[in-house]
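A.B. asks: Dropping the structure in here first, questions after.
The values are calculated or read from the model by the stated rules, or taken from the named source; none is laboratory data. Only a predicted model underlies this, so the values are computations on that prediction, with no experimental measurement involved. Cβ coordinates were reconstructed from backbone atoms using ideal geometry, including for glycine residues, and neighbour counts include every protein chain displayed. The accessibility values were calculated without ligands, DNA or RNA, using every heavy atom of the protein model including side chains. Shrake-Rupley method; radii C 1.70, N 1.55, O 1.52, S 1.80 Å.
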Amino acid sequence: AGASALAFPPFGIPNIQGGSFNFAFPQLNIGPPSTFPGFTGLGGGGGGLSSVTVTDATTTLTGIDTINFKGSGLVGVGYGTSTNIADVEYQDTGGGGGSTLVYGKISAYTKVAGIAQWTYTVTEYVAGAAGASLTMYNLLEKSNTATNAYGYTTTGAGGDQISGTQLYVKPVPVDAWVRAESTNDPDGGTAKYWFSAPNPVDGTCT
């Protein structure tokens, strides 16, 4: 901390003095996380480093003074137990074909326009303690379209109303526990977290 430099031997990264820095993962290779401990206490006076910005291809975290390295093979970054901590998470088995299994509780969701699909925010739990906030998807919703969900014909602007009824396909509810795997997207691209949980169907009988 303070004005002293932070060095990262033997990875060949220059010492960090004062100023503003942006670590872009995975473009910046700092070596196996199993041999690279999390570092804390970046703040300090006398021109010392006070904040780090952590990014991957889709996420930018600001105001970070602690970085935790988890697993091997980058999955992504997310806020840890508080907004000044960044979790940089890797696939446990390394390479793009590996996967990471996590348990968590749904904290929020956002509907995909015109289709019975949702993007879920899930709080990861490790040894009973709440941790990172992760973005996840429900594999049981993947085949839904604007006119079909769960094998039912759907209608309406939201694509979630079962035709001829007042019943709607609903998201997996907040506070539901899920077991998710981070693995390659079935459609290609970067790894995502997927869980399989049934969607409620709710509404009024006609």
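A.B. asks: Aspartates and glutamates within cross-link reach of Lys111: Cα-Cα under 12 Å, excluding same-chain residues under 8 positions apart?
C.D. replies: Glu141, Asp160
A.B. asks: Related question: Using a simple spin-label model with points 7 Å from Cα along the Cα→Cβ vector, what separation in nm is obtained for Ala176 and Ala113?
C.D. replies: According to this spin-label approximation, the distance is 2.5 nm.
A.B. asks: Please compute the contact order of segment 148-191 in relative form: average sequence separation of alpha-carbon pairs under 8 Å and at least six residues apart, divided by the residue count, as a percent.
C.D. replies: So the answer I get is 19 percent.
A.B. asks: Using the heavy atoms of the protein chains alone and a 1.4 angstrom probe, what is the accessible area of segment 99-206 per residue in square angstrom? Working shown, then result.
C.D. replies: Numbers: 5580 Å² over 108 residues.
For segment 99-206, the solvent-accessible area averages 52 Å² per residue.
A.B. asks: For Ala130 and Ser82, compute 0.36 nm times the residue count separating them, minus their Cα-Cα distance, and round to one decimal in nm. Before the final figure, lay out each step's value.
C.D. replies: Numbers: separation 48, 0.36 × 48 = 17.28 nm, distance 1.03 nm.
Gain on stretching Ala130 to Ser82: 16.3 nm.
A.B. asks: May I pose another question? How large, in percent, is the carbon and sulfur part of the accessible surface of segment 116-196 at a probe radius of 1.4 Å?
C.D. replies: Details: 2070 of 3980 Å².
Looking at segment 116-196 in its full context, I get 52 percent from C and S.
A.B. asks: Now for a different question. What is the distance, in nm, between label points placed 7 Å from the Cα along the Cα-to-Cβ direction at Asp187 and at Thr155?
C.D. replies: Result for the modelled spin labels: 2.7 nm.
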